[in-house]
Amino acid sequence: MGSKNKLKRFRENETFDNVFQPTRDELTGGNFSLKGKWREKVFKNKNPLVLELGCGKGEYTVGLAQRYPNKNFIGIDIKGARFWRGAKTAIEEGINNAAFFRTQIELIEFAFGENEVDEIWITFPDPQIKYKRTKHRLTNIQFLERYKKVLKPNGLMHLKTDSEFMHGYTLGLLHGLGCEVLYANHNVYKLEGSPDEVTQIQTFYENQYLEKDKAITYIRFKIN
């Protein structure tokens, strides 16, 4: 994407009512006005709150919002030029239960209150295969602790990935921590019984993986 297009999208994001872009200092300063109040101030309802971490172009956030109109969805990514597409689609199609939040995922506990979130989706994250990159892996112990702080008791986690490494790493970690794995599938498009929300909503990159006949894996779990 050219720099002019990026700048245009950044400017357009600033005009969207469904996009929120606080600075790092605004979040970590402890006075972020939406923390604990996303339902009240953004969605104007008391419906369940669901996050998609690393939402990319926002297709999954928008797809989930369309599928579940009685839930609120927030796509989170540090790259605003990417989720611009999802934010714009939500506005154009009147999808009022989808919003987008530009921040780093490690700051999630500064943006959301304790027990404020009902579910978290992680879709096609970078598996960070090299050992020295473990701290950046979105299902490592440190990240799981962050998610636990904002999730309600018994809140659901979802991991959808094309990386067998990420799938296996996460399953092993969850079992080691004694977390409750509710569902695990190594190839959601080939094995029967896969949840509809996993197979009927696809991201831009997921479509590319499927064209190459790459297996898509999925885990649903709770963090104890």
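What the table shows:
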item: The range 1-33: number of residues that are touching a residue at least 12 places away in the same chain (Cβ under 8 Å), part of a helix (DSSP H, G or I) and either surrounded by 13 or more Cβ atoms within 10 Å (Cβ to Cβ) or among the hydroxyl-bearing types (Ser, Thr, Tyr) (or both); result: 7
item: Residue within the range 34-49 that is on the phi > 0 side of the Ramachandran plot, touching a Gly at 6+ places or on another chain (Cβ under 8 Å), small (Gly, Ala, Ser) and not in a strand (DSSP E or B) present; result: yes
item: Top-ranked residue of the range 43-61 - restricted to ones that are crowded, with 22+ Cβ neighbours inside 10 Å and free of Cβ contacts under 8 Å to residues at least 60 places away in the same chain, ranked as farthest from Asn115 (Cα to Cα); result: Gly58
item: Count - residues of the range 151-167 that are surrounded by 22 or more Cβ atoms within 10 Å (Cβ to Cβ) and either over 24 Å from Asn187 (Cα atoms) or modelled with pLDDT under 95 (or both); result: 1
item: Count of the range 117-150 residues which are open to solvent by less than 10 Å² (accessible area, probe 1.4 Å) and closer than 16 Å to Leu49 by Cα; result: 6
item: In the range 190-205, the residues that are of a type in the set (Asp, Glu) and part of a helix (DSSP H, G or I); result: Asp196, Glu197
item: Residue satisfying all of: in the range 206-224; among the polar types (S, T, N, Q) and in a helix (DSSP H, G or I); surrounded by the fewest Cβ atoms within 10 Å (Cβ to Cβ) among these; result: Asn207
item: Evaluation of Leu27 against (1) under 16 Å from the mean Cα position of the chain (by Cα); (2) closer than 19 Å to Phe10 by Cβ; (3) among the aliphatic types (A, V, I, L, M) (one fails), failing number; result: (1)
item: Yes/no for Thr170 being modelled with pLDDT of 95 or more and open to solvent by less than 40 Å² (accessible area, probe 1.4 Å); result: yes
item: Pairs, first crowded, with 17+ Cβ neighbours inside 10 Å in the range 190-205, second of a type in the set (Val, Ile, Thr), C-beta under 7 Å, six or more apart; result: Ser194/Val188; Val198/Val188; Thr203/Thr123
item: Qualifying residue in the range 90-107 (condition: assigned to a loop (DSSP other than H, G, I, E, B), open to solvent by less than 50 Å² (accessible area, probe 1.4 Å) and aliphatic (A, V, I, L, M)); result: yes
item: Total residues in the range 173-189, condition part of a helix (DSSP H, G or I) and either open to solvent by less than 50 Å² (accessible area, probe 1.4 Å) or touching a residue at least 12 places away in the same chain (Cβ under 8 Å) (or both); result: 3
item: Qualifying residue in the range 62-70 (condition: within 22 Å of Ile122 (Cα to Cα), touching a strand residue (DSSP E or B) at 6+ places or on another chain (Cβ under 7 Å), among the hydroxyl-bearing types (Ser, Thr, Tyr) and surrounded by 15 or more Cβ atoms within 10 Å (Cβ to Cβ)); result: no
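The values are calculated or read from the model by the stated rules, or taken from the named source; none is laboratory data. Values in this document were obtained by computation on a predicted structure and should not be read as measured data. Neighbour counts are summed over all protein chains in view; Cβ atoms, including those assigned to glycine, are modelled from backbone coordinates with ideal geometry. Heads up: the accessible areas ignore ligands, DNA and RNA and are worked out on the full protein's heavy atoms, side chains in. Shrake-Rupley method; radii C 1.70, N 1.55, O 1.52, S 1.80 Å.
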